[in-house]
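**Student:** Before anything else, here's the structure in question.
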Amino acid sequence: MVRGRYSSMALAGMMVCWALVNSGCQSETSTPAAAEKNLAAEPATAAHNHPDHGPHGGDLIELGDGDYHAEVAHADASLKIWILDGSAADPVAVSTANAVINGSYAADKQQFSLTAQPQPGDADGTASCFVSNDATLLEWMEQPLARLRLSVTIGDTPWGGAIVHDHDHDHGHDH
């Protein structure tokens, strides 16, 4: 795994990620950030061992090299993100203060804090689900040119992944 900014290995990884995203894979399209765990992209021939959608029907984000996933779903006036294991099937509870979305659209840049929504089975002080009702974030979710990136700390390691919204399926809202 590559850490740091713009090493030659990270740049090569970004090029492979770009190719994966443009071939329809929901893999991370990362811009290296010193605080996030960046992945050395898997080869384009590697098979993904996770479903196309999460257990709640939302879009999946790979965190790391498939070590974890996040599921993103929104309906009407809320956005929910569930933190999942590497198989994208089981919840992973994290510290309740560790999930944000960094976004940019047009000339505007914002950071959106997500509110922890503990689920049954989550330990005290942790949550496997995070929610936002921020109208700007919900609007940006519908904009193809908006760039949104989830940042979450799992254990002591920061992870990140680009939110690539699939406008070709319905999850309870109008486009």
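**Student:** List the pairs whose first member sits in region 95-112 and is at negative phi and touching a residue at least 40 places away in the same chain (Cβ under 8 Å), whose second member is surrounded by fewer than 10 Cβ atoms within 10 Å (Cβ to Cβ) and among the hydrophobic types (A, V, I, L, M, F, W, C), and whose Cβ atoms are under 8 Å apart, counting only residues at least 6 apart or on separate chains?
**Tutor:** 105/145
**Student:** Can I ask one more? Check residue 51 against each of (1) more than 21 Å from residue 119 (Cβ to Cβ); (2) touching a strand residue (DSSP E or B) at 6+ places or on another chain (Cβ under 9 Å); (3) at pLDDT below 75 and name the one condition it does not meet.
**Tutor:** Condition not satisfied by residue 51: (1).
**Student:** Looking only at region 140-159, count how many residues are surrounded by 13 or more Cβ atoms within 10 Å (Cβ to Cβ) and within 19 Å of residue 115 (Cα to Cα). If you could, list the steps in order and put the result at the bottom.
**Tutor:** Going residue by residue through region 140-159, those that are surrounded by 13 or more Cβ atoms within 10 Å (Cβ to Cβ) are 140-143, 146-154, 157-159.
Then keep just the ones that are within 19 Å of residue 115 (Cα to Cα); that gives 140-141, 148-154, 158-159.
Total meeting the criteria: 11.
**Student:** Can you give me the ranges of the strands (runs of 3 or more DSSP E) entirely in region 78-167 with at least 1 residues that are among the acidic types (Asp, Glu) and over 21 Å from residue 53 (Cα atoms)? Steps first, please.
**Tutor:** Numbers: elements: 78-84, 99-105, 108-113, 129-132, 147-154, 157-163.
Ranges flagged: 108-113.
**Student:** When you check residue 63 against the structure, is it in contact (Cβ under 8 Å) with a residue 12 or more places away in the chain and surrounded by 15 or more Cβ atoms within 10 Å (Cβ to Cβ), yes or no? Please lay out each step first, then the result.
**Tutor:** Details: in contact (Cβ under 8 Å) with a residue 12 or more places away in the chain: yes; surrounded by 15 or more Cβ atoms within 10 Å (Cβ to Cβ): yes.
Yes; evaluated as a whole, the condition is true for this residue.
Here's the yes/no breakdown for (1) of a type in the set (Gly, Ala, Ser); (2) touching a helix residue (DSSP H, G or I) at 6+ places or on another chain (Cβ under 7 Å):
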residue	(1), (2)
87	yes, no
94	no, no
99	yes, no
105	no, yes
120	no, no
135	yes, no
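The values are calculated or read from the model by the stated rules, or taken from the named source; none is laboratory data. These numbers come from a predicted model, not from an experiment. No Cβ is skipped: glycine too gets one built from the backbone with ideal geometry, and neighbour counts run over all protein chains shown.
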